[in-house]
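The values are calculated or read from the model by the stated rules, or taken from the named source; none is laboratory data. This is a predicted model, so every value here is computed, not measured. Positions of Cβ are backbone-derived with ideal geometry, glycine not excepted, and every protein chain shown enters the neighbour counts.
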Amino acid sequence: MKSVFYYIILCFPLFSFGQNDFLNSAQSLGIADCYTTQKGIWSTTTNPAGGANSKNISFGIGVKNNFGLSELNTKIAVGLIPANSGVFGFSVQQYGFNQYNENKFGLSFAKQLSKTFNSGIKIDYYNTHIQNHENTGFVTKV
């Protein structure tokens, strides 16, 4: 009986994750959402320092269809723009449909400080819209 109780206590949090997981790249999904190791354009959403080595302007878009329902689609657009001072990035993500949706808008900056060390900063604006209710939004920074 004790072992069943411990199993429930240890495993229940795995099934009770109640937040929307914003879309990242197919590459990160393929390695169990380990997105902090990514470099390039898709690092814009989670690890802005990963884009510091980009030499060309690049853009990407993606759609994830959850459970085969278009109402639960997650859409994303990202971009990196190299400049003399570093690499600027943006990301726009949207989840949901007309009656309920979550949006995330982000701006980032990354700079290569040495051959093996990059630095990055990002600011995100999150917004939740529920029809016939107020919109709520807040800002975070990484």
- Condition met for Asn101 (within 21 Å of Ala26 (Cα to Cα) and among the polar types (S, T, N, Q)): no
- Identify, please: which residue in region 116-142 is under 22 Å from Trp42 (Cβ atoms) and buried (at least 17 other Cβ atoms within 10 Å of the Cβ) and is, among those, farthest from the chain's Cα centre (by Cα)? Asn118
- Query: Out of region 106-126, which residues are of a type in the set (A, V, I, L, M, F, W, C), closer than 23 Å to Gln94 by Cα and either in contact with a Gly (Cβ under 7 Å, 6 or more places away or on another chain) or without any contact (Cβ under 8 Å) to a residue 24 or more places away in the chain (or both)?
  - Reply: Leu107, Phe109, Ile123
- Query: Of the residues that sit in region 99-142 and are touching an Asp or Glu at 6+ places or on another chain (Cβ under 9 Å) and part of a loop (DSSP other than H, G, I, E, B), which one is farthest from Ser54 (Cα to Cα)?
  - Reply: Gln99
- Query: Can you tell me which of Leu113, Leu107 is at pLDDT 90 or above, more than 19 Å from the chain's Cα centre (by Cα) and aliphatic (A, V, I, L, M)?
  - Reply: Leu113
- Message: If Phe90 satisfies all but one of (1) modelled with pLDDT under 90; (2) closer than 20 Å to Ile61 by Cα; (3) under 18 Å from the mean Cα position of the chain (by Cα), what's the number of the condition it fails?
- Response: (1)
- Message: Out of the residues in region 44-77 meeting the condition of being closer than 19 Å to Gln112 by Cβ and of a type in the set (Val, Ile, Thr), tell me which one is modelled with the highest pLDDT.
- Response: Ile57
- State whether the residues of region 57-73 include one that is in contact with an Asp or Glu (Cβ under 7 Å, 6 or more places away or on another chain) and not polar (S, T, N, Q). no
- Name every residue in region 57-91 that is surrounded by fewer than 17 Cβ atoms within 10 Å (Cβ to Cβ) and closer than 13 Å to Lys111 by Cβ, in order of residue number. Ala83, Asn84, Ser85
- Message: It is to be established whether one or more residues within region 58-66 are touching a Pro at 6+ places or on another chain (Cβ under 9 Å) and under 29 Å from His129 (Cα atoms).
- Response: no
